[in-house]
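The values are calculated or read from the model by the stated rules, or taken from the named source; none is laboratory data. Just so it is clear, the model here is predicted, and its values are computed rather than measured. All Cβ positions, glycine included, derive from the backbone under ideal geometry; neighbour counts span all protein chains shown. Just the protein is used for accessible areas: all its heavy atoms, side chains included, with ligands, DNA and RNA removed. Shrake-Rupley method; radii C 1.70, N 1.55, O 1.52, S 1.80 Å.
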Amino acid sequence: MAEVRKQEKDFTKEVDELLQETSALVKSVQLSDALERLLALEKQTRNANDLPSTTRLAKAALELCYESRDYTQLNSTISLLSKKHGQLKVVVQAIVEQAISWLPGIRQEQGVEKWLELVETLRSIFLETPRARVTLALSHYHETLSKAPNALAATIKETLQTASDLLSDLQVETYSSMERREKTEFILEQMRLLIAVARLKDAEAPAKQGKNALGSGEPEWVKAKVGGRKVNESFLKEKANEDLKLKYYDLMIQQALHQSAYLEVAKHYEKVWDTPSIKEDESKSRAALEHIVYYVVLAPHDNEQSDMLHHLFANPALEKLELHYNLVKSFVTRELMRWPGIESLYGPFLRTTPVFSVSKQWEDLHTRVVEHNVRVVAQYYTRITLSRLTVLLDLTPQQTEETLARLVVSHTIWARVDRPAGIVNFRNKRSAEDVMNDWSSDMQKLLGLVEKTWIGMNAAQAAQSRIKA
């Protein structure tokens, strides 16, 4: 395709006359003669760089084919015009957009076969944005095939995979001619189809092998995560893009849940909760805040999780949810949380929620409660017998040792277990240098208090002497 150059001659008069003649030829069923004459003049206008006339002739040629319902000729004419030597890009774009406008009507009147032929013809012409739009329509067509009531399992997988592959081949983030919102919509569609394919493959993969199973959907989950990074989150904050924002975070929540990345899920729900349209709807706002609580307490303890938990506890909106407020308070307070009590107090409600109705996530909550209790014990105890620790954690001796080992490996606590003696030591042996440093620090604090007291006493004595005088 060539760029627009200086026009050498104006063919407007000739084009007006020819269009009237070709219209009469078509009415007398002489489509091929009409096209021949149009294409002959189109060559002259193209060589003379007469852009308006070339565009009119190209569109007229397609219009004649469409009105004659000769779709084979329509496809060949589109291909012929787009491949002409020195064809102007604006002309190609005009005929492609014209053909795209006919797609819904052709599908409705002539059926899917003719529609697919025109779609493939348009996809063979590489214009970034129009080709992407046509590919999106083709992808949705294959997706509808996978949802057919009588579709076989193999057909569902094949058609859904085809729909995903068609969209994934488009690198829309690099298209300069596409608007930002449309780019985001394409990326979200790519993510949605990738996640759908991943779930389908995961359902077919052997349960024992999990993510590492041959043919599992892990590659698609990774691609979906990469696709999420292509979306500009600051763009989603605009009022006009709230629908895209909610769709984006819904997809990111699904991706994070697949990896059991509970803290990421909590962050995504926090973004959803901060959306104005969600805050205006009391039921949606409450649901989002509840999910923030659920997933932040399910997340493994680290500095980021602890910071988010304390910020959530200080949020005034949480006080309206009494049960959730008390649950967060239990994790914030440095006190033991006995699992039987937690289970009896919160279990009847939490087990009815979609989050904790999943047995894995209920077990993860039990694990977080146990880990919280170990951190509390490590803070208040220097040494404790393994039997006593087992009672405090409401676990078996083996489970207690496994929990201690996991927390030590993750550097959450420092502990050593003397198994013959049955004693757990939570304090590392300190060097003489560490002891002296602490002693020096304590002495500085003590001297600071003495100096402050001495200054206060002198001030009081001075005040009394002035009163007596």
Failed condition for GLN161, given (1) over 30 Å from LYS237 (Cβ atoms); (2) at pLDDT below 90; (3) touching a helix residue (DSSP H, G or I) at 6+ places or on another chain (Cβ under 6 Å): (2)
Cβ-Cβ under 8 Å pairs, at least 6 apart or on other chains, segment 183-207 side free of Cβ contacts under 8 Å to residues at least 24 places away in the same chain and farther than 24 Å from ALA153 by Cβ, far side open to solvent by 10 Å² or more (accessible area, probe 1.4 Å) and part of a helix (DSSP H, G or I): LYS183/GLU173
Residue match in segment 297-312 (condition: part of a helix (DSSP H, G or I), touching a residue at least 40 places away in the same chain (Cβ under 8 Å), farther than 30 Å from SER164 by Cβ and open to solvent by 20 Å² or more (accessible area, probe 1.4 Å)): yes
Selection within segment 113-133 - open to solvent by less than 50 Å² (accessible area, probe 1.4 Å) and not in a helix (DSSP H, G or I): ILE125, LEU127
Which numbered condition GLN379 misses (of (1) in a helix (DSSP H, G or I); (2) at pLDDT 90 or above; (3) within 21 Å of VAL328 (Cβ to Cβ)): (2)
Criterion (more than 24 Å from ARG229 (Cβ to Cβ) and out of contact with any strand residue (DSSP E or B) (no Cβ under 7 Å at 6 or more places or on another chain)) met by exactly one of ARG192, ARG199, ARG123, ARG181: ARG123
Pair list, Cβ under 8 Å, 6 or more apart: segment 350-378 residue under 18 Å from ILE292 (Cα atoms) and among the hydroxyl-bearing types (Ser, Thr, Tyr), other residue modelled with pLDDT of 90 or more and open to solvent by less than 10 Å² (accessible area, probe 1.4 Å): THR353/TYR294
Residue match in segment 258-270 (condition: small (Gly, Ala, Ser) and on the phi > 0 side of the Ramachandran plot): yes
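Quick grid of which residues meet (1) open to solvent by 40 Å² or more (accessible area, probe 1.4 Å); (2) free of Cβ contacts under 8 Å to residues at least 40 places away in the same chain; (3) within 19 Å of ALA60 (Cα to Cα); (4) not aliphatic (A, V, I, L, M):
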| residue | (1), (2), (3), (4) |
| --- | --- |
| LEU88 | no, no, yes, no |
| VAL91 | no, no, yes, no |
| VAL96 | no, yes, yes, no |
| GLY111 | no, yes, no, yes |
| THR135 | no, yes, no, yes |
| LYS157 | yes, no, no, yes |
Residue within segment 315-328 that is surrounded by fewer than 18 Cβ atoms within 10 Å (Cβ to Cβ), at pLDDT below 95, of a type in the set (A, V, I, L, M, F, W, C) and assigned to a loop (DSSP other than H, G, I, E, B) present: yes
Members of segment 293-317 that are touching a His at 6+ places or on another chain (Cβ under 9 Å), more than 25 Å from VAL409 (Cα to Cα) and not hydroxyl-bearing (Ser, Thr, Tyr): VAL293
